[in-house]
Amino acid sequence: CWSMPVAKAKGKKGAADILFGELVRSRGVCQMPGCGRIDVVCAHIIGRTYSWTRTDERNAWALCPTHHYEVDSFADAKMSLVDITIGQTVYWELREAANNPTGEKFDWSAEVVRLKALVATIDA
């Protein structure tokens with residue numbers, strides 16, 4: 001996720017992506033233990049392909065570019081960080097939610113409203 005004015009985003013999903021990235025980056029520091037870099041990006045745990053987990057706050061880390069590459073490239077690094085941060089239970093809950101067992105269509109308009117409210121709290 002990267003920063004772009006929400007008004008310029010392509011559609012509601014794009015606006016949600018931008019807001020979500022802002023929310024995750026507001027954590028302020030790389031979440032890899034011992035790193036401390038502040039040039040963070042939004043790194044999804046379960047890929048962005050899945051609407052039902054794409055903007056779930058539990059499904060992303062604020063990582064520096066180096067550690068984002070590391071967790072995307074090496075499964076052991078990713079799962080180690082899962083264990084340290086969200087744990088296996090939440091990871092498997094996210095995996096299950098990603099599969100959208102209900103078959104419902106995701107409401108991107110409602111998600112934009114929810115994320116705007118959350119982002120407003122970090123700017124306050």
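Taken as a whole, the structure leaves Ser26 outside the set of residues that are modelled with pLDDT under 95 and not aliphatic (A, V, I, L, M). Scanning segment 24-43 for residues being in contact (Cβ under 8 Å) with a residue 40 or more places away in the chain and within 11 Å of His68 (Cβ to Cβ) gives a total of 4. Each residue in segment 74-113 was checked for being among the basic types (Lys, Arg) and either in contact with a helix residue (DSSP H, G or I) (Cβ under 6 Å, 6 or more places away or on another chain) or in contact (Cβ under 8 Å) with a residue 40 or more places away in the chain (or both), and 2 of them qualify.
Could you grab me the full set of residues in segment 38-48 that are over 19 Å from Val112 (Cβ atoms) and out of contact with any His (no Cβ under 8 Å at 6 or more places or on another chain)? Across segment 38-48, the qualifying residues are Ile38, Asp39, Val40, Ile45, Ile46, Gly47. Note on segment 1-103: enclosed helices (runs of 4 or more DSSP H) holding 3 or more residues that are charged (D, E, K, R) and surrounded by fewer than 18 Cβ atoms within 10 Å (Cβ to Cβ) are 75-85, 87-98. Return a yes/no flag: does segment 85-96 have any residue that is at positive phi and not acidic (Asp, Glu). Yes, the conditions are met somewhere in segment 85-96.
State the number of residues belonging to segment 12-38 that are farther than 18 Å from Met79 by Cβ and out of contact with any helix residue (DSSP H, G or I) (no Cβ under 7 Å at 6 or more places or on another chain). Summing the residues that are farther than 18 Å from Met79 by Cβ and out of contact with any helix residue (DSSP H, G or I) (no Cβ under 7 Å at 6 or more places or on another chain) in segment 12-38 gives 11.
The values are calculated or read from the model by the stated rules, or taken from the named source; none is laboratory data. Everything quoted here is computed from the prediction, not taken from an experiment. Glycine also receives a Cβ, built like all others from the backbone with ideal geometry; neighbour counts cover every protein chain displayed.
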